[in-house]
Protein chains: 2
Amino acid sequence: MKNIFIIGVGLIGGSFALDIKSLYPTCTIFGIDKSESHLEEAIALNVIDKTANFEDLNIADLVIVAIPVDATLTLLPKVLDHIADTTIVFDVGSTKENICLKVKEHKNRRNYLAVHPIAGTEHSGPKAALQGLYKNKTNIICEVEETAFKLQEKALKLFTDLGMRIRYMNPKAHDTHIAYVSHLSHISAFMLGKTVIDKERNERDIFDMAGSGFESTVRLAKSSPAMWTPIFKLNKTNVIASLDEYIENLKHFKKMMEAEDFEAVYQEMEKTNHIKEILNGIQ
Amino acid sequence: MKNIFIIGVGLIGGSFALDIKSLYPTCTIFGIDKSESHLEEAIALNVIDKTANFEDLNIADLVIVAIPVDATLTLLPKVLDHIADTTIVFDVGSTKENICLKVKEHKNRRNYLAVHPIAGTEHSGPKAALQGLYKNKTNIICEVEETAFKLQEKALKLFTDLGMRIRYMNPKAHDTHIAYVSHLSHISAFMLGKTVIDKERNERDIFDMAGSGFESTVRLAKSSPAMWTPIFKLNKTNVIASLDEYIENLKHFKKMMEAEDFEAVYQEMEKTNHIKEILNGIQ
């Protein structure tokens with residue numbers, strides 16, 4: 001792989017750029033981004049080698065589309081219009097059904113692989129890019145059978161070199177499951193942050209009384225609204241379903257407390273303690 | 001300080017024991033616990049030097065009561081019955097109003113200091129004890145004026161030696177604020193864990209799709225139900241109030257999504273992003 005194009009030089013795209021450069025030092029990393037300042041920053045930080053345009057995509061061996069999911073819906077077909085026969089293109093979006101549907105009939109559908117690396121931080125922009133972000137992380141690939149065999153191989157080689165674990169899934173199942181384990185966590189954290197901020201007019205109180213537990217639970221409320229709004233929009237039905245169940249569970253917890261049934265409160269927490277073993281699996 | 005008694009040799013009491021031993025190497029740490037196996041474990045791990053009984057409390061310079069808050073309500077008056085005139089006793093419970101009320105009329109009220117160190121992890125038991133747990137952590141002291149001046153000084157010296165930041169607060173304000181920044185986070189995490197576990201019958205799906213974001217948001221769901229049930233019970237009114245507001249905020253978020261008002265969703269998240277600066281203050 002010689003010419004690598006990163007569309008969207010933020011946390012996710014930038015982290016791919018850093019790792020790819022260190023795996024394949026002779027390659028050239030081209031960056032495309034709607035933000036001029038992000039491009040300048042990415043060059044200054046050696047995240048990318050050069051800036052480029054869509055017209056340059058015909059020399060690409062690999063194109064990574066790492067922009068908000070609504071922008072991917074618009075731009076992915078254009079990317080596929082511009083590439084060569086041997087180019088592999090993958091996106092990294094947190095929703096997959098809409099995107100797969102959007103390019104289903106594209107003449108270059110075989111050049112595209114639908115990918116969701118389960119990796120990231122709550123930070124954003126080129127300066128948030130991290131070397132090694134993808135090591136030991138799960139990479140979900142959807143509709144793999146729609147991608148040309150040789151191009152699948154090319155992408156899989158990269159993911160293996162990055163140290164990722166591959167899981168195959170259909171886009172519908174991906175979007176349902178991810179609503180629960182990722183999208184809902186973000187809403188839970190954002191609304192926890194809001195609830196506390198609303199209550200505590202005097203911020204010194206929060207500052208002084210909050211510990212590492214609060215910090216951990218609310219961490220995702222630092223995430224970028226520009227990235228997350230389109231995800232909630234494109235995965236609306238699944239997210240609302242998960243939110244409904246979450247709200248029902250919270251209401252049930254409240255009811256047990258109101259009824260002073262603390263034996264039931266205890267049981268409820270003890271059953272959920274089982275999350276320990278699940279989390280040990282994640283680590 | 002020569003004779004230090006730790007009642008409850010778990011995460012919190014055990015961590016005090018480790019730090020006190022390293023600050024004052026010539027002191028003797030006595031452990032009292034209803035669990036024989038915890039006492040044996042605490043001795044084996046050098047968390048305490050000896051086991052003891054309530055009858056031995058008359059030789060104590062310092063007694064730390066680090067047991068679930070409902071047990072503190074029952075045992076604190078008995079502790080105060082057994083101590084000498086020069087003993088300082090503090091509890092570390094996550095609720096303060098009930099406890100202060102309980103010992104308000106006790107003849108040895110002046111020997112007691114109501115304390116809440118904002119420190120801990122999601123683990124429990126003697127093996128969870130950590131040296132340095134309290135360094136740079138906030139320590140909330142309630143009704144300081146009810147404690148004898150010389151005994152206040154003794155406790156403050158210890159907290160300063162441990163590297164803690166002291167904040168004074170009345171018990172009522174403590175219980176209201178802590179419901180928001182600590183108790184609510186635990187319910188939020190427990191119910192998030194429950195929602196995902198209920199949904200995902202096949203655990204491999206959770207394991208494979210959950211990343212560090214989910215892990216962080218749900219971390220507190222590993223916490224001990226034996227510790228948390230009494231906290232919810234004793235701080236019921238404040239916790240229910242915070243839970244109500246949290247549920248309302250989640251319902252509002254859902255409504256904005258249902259109405260497809262994603263501009264409002266964006267604004268809501270952007271306003272809450274401000275939590276970044278608050279969290280920077282915590283670290």
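The values are calculated or read from the model by the stated rules, or taken from the named source; none is laboratory data. It should be emphasised that the depicted structure is a prediction, and the values quoted were computed from it without experimental measurement. Neighbour counts are summed over all protein chains in view; Cβ atoms, including those assigned to glycine, are modelled from backbone coordinates with ideal geometry.
Summary of computed values
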{"read-out": "Of all residues in the stretch A:257-283 being in a helix (DSSP H, G or I) and polar (S, T, N, Q), the one that is nearest to B:MET209 (Cα to Cα)", "value": "A:ASN280"}
{"read-out": "Identity of the residue in the stretch A:235-256, touching a Ser or Thr at 6+ places or on another chain (Cβ under 6 Å) and either part of a helix (DSSP H, G or I) or of a type in the set (Val, Ile, Thr) (or both), that ends up farthest from the other protein chains (Cβ to nearest Cβ)", "value": "A:ASN238"}
{"read-out": "Among residues of the stretch A:154-194, those that are surrounded by 23 or more Cβ atoms within 10 Å (Cβ to Cβ) and among the acidic types (Asp, Glu), counted", "value": "1"}
{"read-out": "Meets criteria (in contact with a Pro (Cβ under 8 Å, 6 or more places away or on another chain) and in a helix (DSSP H, G or I)) for A:MET191", "value": "no"}
{"read-out": "Some residue of the stretch B:274-282 being outside the structural domain of B:VAL69 (by TED's automatic domain parsing), more than 22 Å from the chain's Cα centre (by Cα) and closer than 21 Å to A:GLU245 by Cβ", "value": "no"}
{"read-out": "Pairs with Cβ under 7 Å, 6+ apart, first in the stretch A:219-234 and under 15 Å from B:GLY211 (Cβ atoms), second aliphatic (A, V, I, L, M) and assigned to a helix (DSSP H, G or I)", "value": "A:ARG219/A:ALA189; A:LEU220/A:ALA189; A:TRP228/B:MET269; A:ILE231/A:VAL69"}
{"read-out": "Test: A:ALA259 is aliphatic (A, V, I, L, M), surrounded by fewer than 19 Cβ atoms within 10 Å (Cβ to Cβ) and either in contact with an Asp or Glu (Cβ under 9 Å, 6 or more places away or on another chain) or within 24 Å of B:LYS194 (Cβ to Cβ) (or both)", "value": "yes"}
{"read-out": "The stretch B:140-157: number of residues that are part of a helix (DSSP H, G or I) and touching a strand residue (DSSP E or B) at 6+ places or on another chain (Cβ under 8 Å)", "value": "7"}
{"read-out": "Sole exception among (1) in contact with a Ser or Thr (Cβ under 6 Å, 6 or more places away or on another chain); (2) at pLDDT below 95 for B:LEU130, by number", "value": "(2)"}
{"read-out": "Residue match in the stretch B:208-220 (condition: within 18 Å of the chain's Cα centre (by Cα), in a helix (DSSP H, G or I), of a type outside the set (Val, Ile, Thr) and within 7 Å of chain A (Cβ to nearest Cβ))", "value": "yes"}
{"read-out": "Number of positions in the stretch A:234-270 that are of a type in the set (Ser, Thr, Tyr) and over 27 Å from the mean Cα position of the chain (by Cα)", "value": "1"}
{"read-out": "Cβ pairs under 9 Å, 6+ apart, first in the stretch A:257-280 and more than 7 Å from every other protein chain (Cβ to nearest Cβ), second in a helix (DSSP H, G or I) and of a type in the set (Ser, Thr, Tyr)", "value": "A:GLU263/B:THR229"}
{"read-out": "Residue among B:SER212, B:SER223 that alone is buried (at least 16 other Cβ atoms within 10 Å of the Cβ), at pLDDT below 95, in contact with an Asp or Glu (Cβ under 6 Å, 6 or more places away or on another chain) and more than 18 Å from A:ASN235 (Cα to Cα)", "value": "B:SER223"}
{"read-out": "Those residues of the stretch A:31-86 which are in contact with a Gly (Cβ under 6 Å, 6 or more places away or on another chain) and among the polar types (S, T, N, Q), in sequence order", "value": "A:THR51, A:THR72"}
{"read-out": "Close pairs (8 angstrom Cβ cut-off, 6 or more residues apart or separate chains): small (Gly, Ala, Ser) in the stretch A:170-182, not in a helix (DSSP H, G or I) anywhere", "value": "A:ALA179/A:ASN235; A:SER182/A:SER94; A:SER182/A:ILE118; A:SER182/B:ALA210; A:SER182/B:GLY211"}
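To keep it simple, each residue is scored yes or no on (1) crowded, with 21+ Cβ neighbours inside 10 Å; (2) polar (S, T, N, Q); (3) modelled with pLDDT under 95.
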site	(1), (2), (3)
B:ILE6	yes, no, no
B:LEU39	no, no, no
B:ILE43	no, no, no
B:VAL47	yes, no, no
B:GLU55	no, no, no
B:ILE67	yes, no, no
B:THR72	yes, yes, no
B:HIS116	yes, no, no
